[in-house]
Amino acid sequence: MSENIVTIEHLRKSYGKRLVLDDISLGIPQGKIVGLLGANGCGKTTLMKIITGLIHDYSGTVLFNGHRPGAYSKARVAYLSERSYLADWFKVSDAIDYFDDFFEDFDRKKASELTERFGLDSNQRIKTMSKGMREKVQLLLVMSRRAELYVMDEPLGGVDPAARKVILDIIMKNYAENSTLLLSTHLVHDLEQSFNHIIILGHGKVLLSSDIYDIRMQGLTVEEKYQEVYGDAWEVD
């Protein structure tokens with residue numbers, strides 16, 4: 001059994017009267033590519049924001065390598081948000097400078113290589129970019145860190161089918177060796193060959209946390225297991 005890089009015990013999180021995460025406990029294994037699956041509204045993004053230290057008002061215990069989310073974890077966890085967080089007036093070069101100043105594990109050489117690979121102009125301002133171009137900038141910044149844990153919220157969500165393979169290839173070839181990837185996605189079929197482990201959330205609960213090997217020993221694909229576990233819970237929570 002792998003050690004867990006993240007350990008969660010009895011986690012509860014509500015937005016007003018709406019309970020999003022209902023007393024969940026799980027471990028995220030070290031050195032694995034972990035798929036976080038579930039319908040819209042099931043708490044995937046909330047869980048990721050708690051792990052990365054962006055949400056603090058919850059009950060229960062969340063530990064990254066034995067530490068509560070904070071300065072220690074933020075220096076070692078790279079987060080790719082589903083939404084843009086870069087200032088509109090930033091040029092690509094400004095965003096790279098910002099990450100280089102903020103994170104000791106940032107690799108400027110890799111950032112330059114990925115800027116070129118994505119066909120981005122380092123002098124172009126964020127406000128003049130399309131949604132897809134902004135997502136490429138955020139991805140290159142995250143993948144240029146030598147993080148211990150990469151947390152990615154729908155990294156292929158806004159990407160057209162033709163570009164998915166390229167983006168996925170960049171993610172798989174550029175994350176730091178022996179690190180952990182936690183990826184939320186609706187594109188189970190496109191990503192299931194990359195996963196080592198999956199976590200399925202539904203109605204505020206952990207419906208399944210399983211090694212891929214155990215699923216395949218049942219003669220099932222990840223997509224088939226997802227449908228089996230979710231049953232009639234495909235609708236928005």
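Some notes on this structure:
- E113 versus R68: modelled label distance in nm, points set 7 Å from Cα along the beta carbon direction: 3.9
- Pairs beyond 30 Å (Cα-Cα), from K32/K165; K44/K127; K13/K165; K32/K136; K13/K173: K13/K165; K13/K173
- Binned Cα-Cα distances of the chain, short to long, each 10 Å bin given as a whole percent: 7, 32, 36, 21, 4, 0
- Anchor K109: aspartates and glutamates whose Cα lies under 20 Å away (excluding residues fewer than 8 positions away in-chain): D94, D97, D100, D101, D121, E135, E148, D169, E177
- Calculated FRET efficiency for the pair L54/D105, C-beta based, R₀ 22 Å, to 0.05: 0.70
- Amide N proximity, region 173-217 versus L19 label position 7 Å along Cα-to-Cβ, cut-off under 12 Å: 203-205
- With at most 15 other Cβ atoms within 10 Å, longest stretch of the chain clear of loop GluC sites (Glu not before Pro) (DSSP): 4-103
- Gaussian network model of the chain, Cα within-10 Å springs - most flexible of K44, K127, K13: K127
- GNM result for the chain, Cα springs below 10 Å: residue of S81, S73, S25 fluctuating most strongly: S25
- In this rough spin-label picture, where each label sits 7 Å from Cα along the Cβ direction, the A163-M133 distance is 1.1 nm.
- Legend: calculated FRET efficiency, D211 to K91, from the Cβ-Cβ distance at R0 = 41 Å, rounded to 0.05, equals 0.40.
- At q = 0.20, 0.22, 0.24 Å⁻¹ the log10 of I(q)/I(0) for region 87-146 amounts to -0.65, -0.79, -0.93, computed by Debye summation with a single uniform scatterer per C-alpha, solvent ignored.
- Spherically averaged projected area of the convex hull of Cα atoms, region 44-115: 6.0 nm².
- A helix-only calculation puts the chain at -9500 deg cm²/dmol for mean residue ellipticity at 222 nm, using -39500 (n - 2.57) for each DSSP H run of at least four residues, averaged over all residues.
- Debye, to nearest 20: dipole size of the chain, +1 on Lys, Arg Cβ, -1 on Asp, Glu Cβ: 520
- Cα gyration tensor, region 103-176 - rounded (a/c under 1.5), prolate or oblate: oblate
- Value of relative contact order over the chain, rounded to a whole percent, pairs C-alpha under 8 Å and six or more apart: 27
- Each part reduced to its alpha carbon centroid, region 170-237 and region 15-94 end up 17 Å apart.
- Here the Gaussian network model covers the chain, with springs between Cα atoms less than 10 Å apart; of Y98, Y150, Y213, Y213 fluctuates the most.
Coordinate-derived values only; no laboratory data. Fair warning: this is a prediction, and the values are worked out from it, not measured in the lab. Cβ coordinates were reconstructed from backbone atoms using ideal geometry, including for glycine residues, and neighbour counts include every protein chain displayed.
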